[in-house]
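The values are calculated or read from the model by the stated rules, or taken from the named source; none is laboratory data. For clarity, every value in this text was computed on a predicted model and none was experimentally measured. Here the Cβ is made from the backbone with ideal geometry for all residues, glycine too, and neighbour counts use every protein chain on show. Please note that ligands, DNA and RNA were not included when accessible areas were found on the heavy atoms of the full protein model with its side chains. Shrake-Rupley method; radii C 1.70, N 1.55, O 1.52, S 1.80 Å.
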Amino acid sequence: MLARDRQDTIVRLVVQNGSMTTPELMEALDASESTIRRDLAQLDMQRRVVRVHGGATAPKDDPNLVLHDYTMEQKRNVNTPAKRAIATSAAALIGPDDFVYIDAGTSTMQLVEAITQTDATYFTNSIPHAQVLLSKGCKTYLPGGLIKPVSSALVSEETIDSILRMHFTLGFWGTNGISRSAGFTTPEIGEAKVKEVSMRNTINRFVLADSSKFGQVSLVTFAPFDFATIITDSLPQDGSFKDADNIAEVGDKS
């Protein structure tokens with residue numbers, strides 16, 4: 001098991017159980033004590049778990065840790081003007097010859113609604129996104145796989161197998177959190193894997209994220225911080241991301 005996959009599993013186990021001892025994690029992951037201790041030290045530095053004597057606990061009181069995903073309905077009206085400004089800027093990047101991957105989520109739904117380029121070819125793992133693209137007359141592909149109820153996204157091994165055969169020129173993803181140490185994160189392992197694989201198979205990668213996502217960390221990392229260009233409405237006021245060269249700030253154009 002790769003170190004990142006093992007650490008994602010540790011975070012999931014710790015959060016699900018509230019705490020885990022080092023021996024419990026060793027047994028669950030079939031890993032040595034030194035490996036688990038090293039992983040816990042790194043995860044503690046990333047604030048994804050709290051390292052304690054003999055194991056780790058979940059940082060449940062940390063407002064920067066995103067433990068759960070929300071439904072599309074719950075997220076639809078959150079930061080809508082910012083998402084719309086981001087989407088308008090992102091849609092302008094699409095050319096007629098592009099093969100575009102579009103991730104599930106409300107930020108990417110704003111993108112789908114803003115798209116005017118109907119000559120490009122689109123591939124999405126979101127059923128609602130596909131319906132909107134089809135209504136615009138766009139050539140649209142959906143992968144196979146299991147539908148995740150909370151987001152109406154296709155997330156399973158069949159989905160990944162479909163994506164692995166594709167080579168996208170351009171892609172857009174949502175995220176639950178952005179951290180320089182933890183990268184781009186989301187609460188669910190299956191959805192994270194779909195995001196990870198689709199990103200790897202895309203030449204030009206963009207993450208659409210309003211300013212509230214900066215400094216947040218969710219349970220599973222799907223890409224390192226520098227793996228994509230972030231399109232956002234504004235940067236955090238504390239200056240923590242001011243020197244990053246992979247952020248495009250569009251401003252809230254509501």
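If R0 is taken as 22 Å, the Cβ-Cβ distance between residue 38 and residue 246 corresponds to a FRET efficiency of 0.20. Hey, which of these cross-link pairs are over 28 Å Cα-Cα: 83/136; 148/242; 83/193; 136/213; 139/213? Cα-Cα > 28 Å for 148/242; 136/213; 139/213; rest within.
Here the Karplus curve 6.51 cos²θ - 1.76 cosθ + 1.60, taken at θ = phi - 60°, turns the phi angles of segment 116-124 into couplings of 10, 7, 9, 8, 6, 10, 10, 9, 9 Hz, with x standing for Gly and Pro.
With K and R counted +1 and D and E -1, the other residues having a Cβ less than 13 Å from that of residue 42 yield a net charge of +4. From its DSSP helices (H runs of at least four residues, each -39,500 (n - 2.57)), the chain gives a residue-normalised ellipticity at 222 nm of -10500 deg cm²/dmol.
Averaged over residues, the count of other Cβ atoms within 10 Å places the peptides 232-244, 14-26 in the sequence 14-26, 232-244, highest first.
In this label model, residue 47 and residue 235 are separated by 1.8 nm, measuring between points 7 Å along each Cα→Cβ vector. Between the amide H of residue 248 and those of 230, 231, 232, distances stay under 5 Å, these residues lying 5 or more places away or on another chain, with hydrogens modeled in the peptide plane.
Out of residues 5 or more away from residue 153 or on other chains, whose amide H comes under 5 Å of its own, with H placed 1.01 Å from N in the peptide plane? For residue 153, whose amide H was placed from the backbone, the distant partners under 5 Å are 148.
Look at where the Cα atoms of segment 1-17 and of segment 81-98 average out, and the two centres are 34 Å apart. In a Gaussian network model over the chain where Cα atoms closer than 10 Å are linked, find which of 86, 178, 94 has the largest mean-square fluctuation. Highest fluctuation among the options: 94. With K and R counted +1 and D and E -1, the other residues having a Cβ less than 13 Å from that of residue 31 yield a net charge of -3. Largest accessible area first, the residues 146, 133, 93 order themselves as 146, 93, 133 under a 1.4 Å probe with ligands, DNA and RNA left out. Sorted into 10 angstrom bins from 0, the C-alpha pair distances of the chain split as 7, 31, 35, 20, 7, 1 percent.
Apply the Kirkwood formula to segment 193-254: the hydrodynamic radius equals the inverse of the mean of 1/r over all pairs of different alpha-carbon atoms; give it in Å with one decimal. About 12.7 Å, per the Kirkwood formula over Cα pairs.
Calculated on C-alpha atoms, the gyration radius of segment 75-151 divided by its Kirkwood radius gives an Rg/Rh of 0.95. Plugging the Kirkwood radius over Cα pairs into Stokes-Einstein for segment 114-254, at a temperature of 37 °C and a viscosity of 0.692 mPa s, what D comes out in µm²/s? The Stokes-Einstein estimate is 207 µm²/s. The distance between label points at residue 227 and residue 5 comes to 1.4 nm (points 7 Å beyond Cα on the Cα→Cβ vector). The figure for residue 139 is an accessible area of roughly 120 square angstrom, using a 1.4 Å probe on the protein chains alone.
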